[in-house]
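The values are calculated or read from the model by the stated rules, or taken from the named source; none is laboratory data. What you see is a predicted model; the values in this text were computed from it and never measured. Here the Cβ is made from the backbone with ideal geometry for all residues, glycine too, and neighbour counts use every protein chain on show.
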Amino acid sequence: MFQLDPELESFREDARKMAERAFAAKAAYWDEEEIYPTENLKLLAELGYLGLVIPEEYGGSGAPIIQGTILLEEIARVCFNTALVAQVGINGPSRAIAVLGNEEQKKRWLPGCVSGENIFGIGISEPGAGSAMTDMITSATPDGDHIILNGQKCFCTGGHVATHILVFARWGKTQGPRGIGALVVEKGTPGFEIGHPGPKMGGRGVAEVELFFDHCRVPVENLIMAGDP
């Protein structure tokens, strides 16, 4: 049977005490009032937890992913909304950028993820495809030094407060996973709109929103990976 080593057990104990002390008291409040737990995001950043698994050269701690998983478990024990916030920071777009991004992109975005200044959402699900990535139809069309996005996403967790969205889209006519790529769209980019939050049964402090792209021109410097044409 798998067991944590003493160092990870000690980390779990510290994370549990921190979560109970900092997040338990207002856990129901975020859900009842449908308010994003901004103060908890700030605390996670101050404690270095948003950068826990981000490499040290970009301001993070460079911890193994299992340590991030332990942290998420302990936060989720007491406050699901705060766990959603931490999840996006630990296992979400920032990790994808750390693994797949080029050096310029890592330097541009990751320090802000560690500090909490950059809040990333992720655009995968679509109204006609759910989370079946291979069925997505949002299109990405190269156009000189830009990429033009057209389409719609749904269920973007925390998209209502995001400063950046990691969007997955289809390049050309190649079907299946090989035709899919990803790029970062910044809030305020012309042609990009964020829809109103929809109703949820739980985790209501971190809303799910729709994303709309209408001839949205994204600089090619924001391309994380291109799909096959």
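Okay, here's what the table says:
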| item | result |
| --- | --- |
| Any hit, segment 47-67, residues being among the aliphatic types (A, V, I, L, M), crowded, with 20+ Cβ neighbours inside 10 Å, outside the structural domain of residue 158 (by TED's automatic domain parsing) and touching a residue at least 60 places away in the same chain (Cβ under 8 Å) | yes |
| Subset of segment 188-229 (residues that are in contact (Cβ under 8 Å) with a residue 24 or more places away in the chain, touching a strand residue (DSSP E or B) at 6+ places or on another chain (Cβ under 7 Å) and among the basic types (Lys, Arg)) | 217 |
| Of the criteria (1) within 19 Å of residue 82 (Cα to Cα); (2) β-branched (Val, Ile, Thr); (3) at pLDDT 95 or above, which one residue 157 fails | (3) |
| One residue from 162, 182 being among the aliphatic types (A, V, I, L, M), under 16 Å from the mean Cα position of the chain (by Cα) and in a strand (DSSP E or B) | 182 |
| Matching entry among 169, 140 (being over 13 Å from residue 208 (Cα atoms), aliphatic (A, V, I, L, M) and in contact (Cβ under 8 Å) with a residue 60 or more places away in the chain) | 140 |
| Among the candidates 203, 188, 227, residue that is modelled with pLDDT under 95, over 30 Å from residue 26 (Cβ atoms) and assigned to a loop (DSSP other than H, G, I, E, B) | 227 |
| Enumeration of residues in segment 127-153 that are of a type outside the set (A, V, I, L, M), out of contact with any His (no Cβ under 9 Å at 6 or more places or on another chain) and modelled with pLDDT of 95 or more | 138, 139, 141, 142, 143, 144, 145, 146, 151, 152, 153 |
| Filter result for residue 175 (in a loop (DSSP other than H, G, I, E, B), over 16 Å from the mean Cα position of the chain (by Cα) and not assigned by TED's automatic domain parsing to the domain that holds residue 100) | yes |
